[in-house]
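Read through the structure below, which is laid out as structure tokens, and then see the notes.
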């Protein structure tokens, strides 16, 4: 299965670039040239990673046991390494584009309402629901739990896209939610799927999958609170004569 091995190798390379470059825009000064340059590199690396992951999931669904000889449970392999990877790949692609478009179209919100943007939200919703269903069919609660993230993201993103007049600086919240969310997705996949090769006994441990989400959501809530506080201060500031 050299084709599968080649896809995995390319996936690891592009994903590693995304894992490393994520920290430059997160830790550095916001809005500057460095932030923009490395943020774009990060976003494009995750786009490539997600596209390759779609190919990996397709090959896995076609040849589950041949591509994952460590297991003889075909249903589990198809569910976790096929359907759930397809969902996580779609989620990563969507979030990497959504976060980038939100900042690029911050002065023209209507430019976000493209067919491609809405299609990515729909694809994420559909693959998330399918992941939950496939998880139910094989009695895998992890798949059902992970699907909630994609369903919520697709609904919330679509809500923002349909707003006629978003609140002040709402684009910044959406920008962070999209790209940090993509980072959460790729870190979750690398921790969990990588553990299959090194620590297979904990590969499906919900705690392992929850760590990136818990840290990422905490970061997002902290910055979202700051943005909303600044928004409220500006809107309640009395007019000067």
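Worth pointing out:
- Computed [θ] at 222 nm, helices only, for the chain once each DSSP H run of length n ≥ 4 contributes -39500 (n - 2.57): -26000 deg cm²/dmol
- Degrees separating the helix 141-161 axis from the principal Cα axis of the chain, which is the longest one: 30 degrees
- Angle in degrees between helix 206-236 and the longest Cα principal axis of the chain, rounded to the nearest 10: 10 degrees
- Averaging the Cα positions of each part gives two centres, and for the range 74-115 and the range 39-56 these lie 10 Å apart.
- The chain: angle of helix 170-198 to the longest principal axis, Cα-based, in degrees nearest 10: 20 degrees
- Of the peptides 3-14, 168-179, 87-98, the ranking by mean beta-carbon count within 10 Å, highest at the top, reads 87-98, 168-179, 3-14.
- Extension gain, residue 3-residue 215: 0.36 nm per intervening residue step, less the Cα-Cα distance, totals 72.8 nm.
- For the pair residue 29 and residue 129, the difference between a 0.36 nm per residue extended length and the Cα-Cα distance amounts to 32.2 nm.
- Placing R0 at 30 angstrom, the Cβ-Cβ distance between residue 159 and residue 51 gives a FRET efficiency of 0.70 after rounding to 0.05.
Just so you know, all these numbers are worked out from the coordinates, no wet-lab data involved. Remember, predicted model here, so these are calculated numbers, not experimental data. Because the Cβ atoms are built from the backbone with ideal geometry, glycine has one as well, and the counts that use them run over all protein chains shown.
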